[in-house]
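In what follows, a single structure is set out as structure tokens and then discussed.
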Amino acid sequence: MRALLLAVPLLLAAACGTGGAVQDARQLTIAVDEQFDGFEPTDLAGTNVQAGVMRQLYDTLTLLDADRNVQPRLAQSWKQGDGGRTLTFTLRPGLKFSDGTPLTAKDVVWNVQHAQSAATGATARPLFLTTQGAAAPDPATVRVTFRKPLAAPFDLFDYLFIAKPQDGRDQLKNHPVGSGPFLLQSWQPASQAVLAPNPHFWRQGVPKLERLVFRVTGDAQSSRLLFQSGQAGFLFDSSWQDFANFAKDPSVQTLQAGEGGRVEMLLMNTAKPPFDDVRVRQAVAAALDRKAIVGAVYKGRTEPWCLPWPKGSIGFDASPEQARSCPPDPAKAKRLLAQAGHGSGLDASILTGGGVDEAVSQILQQQLAAVGVRARIDLVDDAMFNTRIDNGDWTILTSNVQRVAHDSGSSIVLGQPLANGSVHGYSSGRYAKLIDDALHEPDRAQRLESLRQINDLLLNEDFFVAITTQTPHYVYARDVHGLQVTLDGYLILENVELR
């Protein structure tokens, strides 16, 4: 859950000027500080760069553009039937995987079933379980049947990366055969992944690069130095301090991408005293000074935020006034703690995986201390972070929830931090009913009302506390042209060229 799918393009980055030359006009090297552990197409809860790499290796049937309109990809057309319970796709003629073998409707059905399987452990499995099944009436036709009509069914297909069926999760993870613009040429874990053009990609004339290298540096400073030395032409999710500095430098390009597709958050474990008491959770939320965190950690490049939904999403539209109206109230925090029997304060811990989350945790620690909450920071690696979450061995944690620029009903079902009865322990029949309404209700006015009630519940129960909107942010040489990003801000590199 270090990062809790992908939408699709087409927010074009301005590519102007000619400064910051890249050394090799045929190769783009991207400096990344996070490692990634493979290319299993259903594993979308890994690092941000892992999601970025997989977008290049795999394609989807359809994708949502920056205005949330459905665009064709592997499917050239589609139609809904049976009152929204079926969605039938017609594939483009002549599709092939990156190894040259035909890509047919049966392969798509296999990918749906793979995402549904409990053995796969797909990140988006809860969303795929809204489907009753998929069938291939002929090699060019895929029919998906839903248990109940979805209000936003195409969100599901933004998360369905089409891979060639293989036996065993490790084969998919380590030896991917995909449908995207690039193929994996070589991979050295903790070092680099080298991608080459997929000669069988359905779009003629792309990709334009001859080689794409994701170079793992291990830390933000090393990534910055690699970029500044000219050994990399692209800096992936730099530190916010570096990004603020580069934004003032006319010799490079910068982009904050997407519609706030990530939200920094803190979670509280309602199964662990004293956080089983809503007054304690409300006290922590009231102690939070989001503006101070945005200034210190994000260097003013993001907005203080109270809800998990970015502007433009239906969840935001349900309660736009609530998204920004959560100022700190230390007096209220102290009063609530006293009412809960903790007038002399209490001890807690903050679980964090490092990076931005660690910096947020350090400021949160100071803010909580001011109201009498003595919080210890538990800094752990990613593996231990996930293990402790799964085991319930935590009280407060900091992380971010991803891909919330999609439909808000889909985002709740998909994301562990928001789902009913998930790792935070909060569960209620009312919340489950509101989520179901948000996911399935076709009438927009009724969906808005359900989401308004969800927003009220989140702001009152405070098991999930939003801190600030985030966007993937990139620094790149002035030679880089044709960059596109998904709705959530992830890279689309098929049209990139260096000139």
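No value in this document is a laboratory result; all are computed from the given coordinates. Here the structure is a predicted model, which is why all the values come from computation and not from measurement. Here the Cβ positions follow ideal geometry from the backbone for every residue, glycine too, while neighbour counts run over all protein chains shown.
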- request: Run a plain Debye calculation on the stretch 193-260 (Cα atoms as equal point scatterers, no solvent) and give log10 I(q)/I(0) at q = 0.14, 0.19, 0.24, 0.28 Å⁻¹, rounded to two decimals, same order as the q list.
  value: -0.57, -0.89, -1.09, -1.24
- request: Output the relative contact order of the stretch 262-470, whole-number percent, from Cα pairs under 8 angstrom with separation of 6+ residues.
  value: 37 percent
field: Per-peptide average of other Cβ atoms within 10 Å, ordering 219-225, 37-43, 267-273 highest first
entry: 37-43, 267-273, 219-225
field: the stretch 185-235 - percent relative contact order, Cα under 8 Å, separation 6 or more
entry: 29 percent
- prompt: How large is Rg/Rh for the stretch 201-337, to two decimals, with Cα atoms and a Kirkwood Rh?
  reply: 1.10
message: Just to confirm my numbers, what's the Cα centroid distance between the stretch 379-444 and the stretch 298-335 in Å?
response: 18 Å
query: Which value in nm describes the separation of the simple spin-label points at residue 65 and residue 296, placed 7 Å from the Cα toward the beta carbon?
result: 4.3 nm
message: So if each residue of separation counts as 0.36 nm, and I subtract the Cα-Cα distance between residue 27 and residue 192, what length gain in nm does that give?
response: 58.0 nm
statement: Mean Cβ-within-10 Å packing, highest first, puts peptides 356-364, 411-419, 324-332, 169-177 in the order 411-419, 356-364, 169-177, 324-332
- prompt: Sorted by mean Cβ packing within 10 Å, highest first, what order do the peptides 207-217, 470-480 take?
  reply: 470-480, 207-217
- request: Express the C-alpha Rg of the stretch 262-470 as a ratio against the empirical globular expectation 2.2 N^0.38 Å, rounded to two decimals.
  value: 0.97
statement: With only helices counted (DSSP H, runs n ≥ 4, each -39500 (n - 2.57)), the per-residue ellipticity at 222 nm for the chain, to the nearest 500, works out to -8500 deg cm²/dmol
- request: Subtract the Cα-Cα distance of residue 167 and residue 99 from 0.36 nm times their separation in residues, and report this length gain in nm to one decimal.
  value: 22.9 nm
message: Among 314, 405, 467, which residue has its Cα furthest toward the positive end of the charge dipole of the stretch 262-470, with +1 on Lys/Arg Cβ and -1 on Asp/Glu Cβ?
response: 467
task: Kindly state, to the nearest 0.05, the FRET efficiency for residue 446 paired with residue 125, given R0 = 30 Å and r defined as their beta-carbon distance.
output: 0.65
field: Computed lengthening from residue 430 to residue 37, 0.36 nm per intervening residue step minus Cα-Cα distance
entry: 137.7 nm
Inter-label distance, nm, simple model (7 Å from Cα along the C-beta direction), residue 231/residue 113: 4.7 nm
Pairwise FRET efficiency - residue 219 versus residue 272, Cβ, R0 = 30 Å, nearest 0.05: 0.40
field: Cα-centre dipole for the chain with unit charges at Cβ (Lys and Arg positive, Asp and Glu negative), debye to 20
entry: 480 debye
task: Jot down the radius of gyration and Dmax of the chain, Cα atoms only, both in angstrom.
output: 22.5, 71
message: If I model a spin label as a point 7 Å beyond the Cα along the Cα-Cβ vector, how far apart are those points for residue 387 and residue 148 in nm?
response: 3.9 nm
- prompt: What ranking of 251, 179 emerges when the number of other C-beta atoms within 10 Å of each C-beta is taken as an exposure proxy, fewest first?
  reply: 251, 179
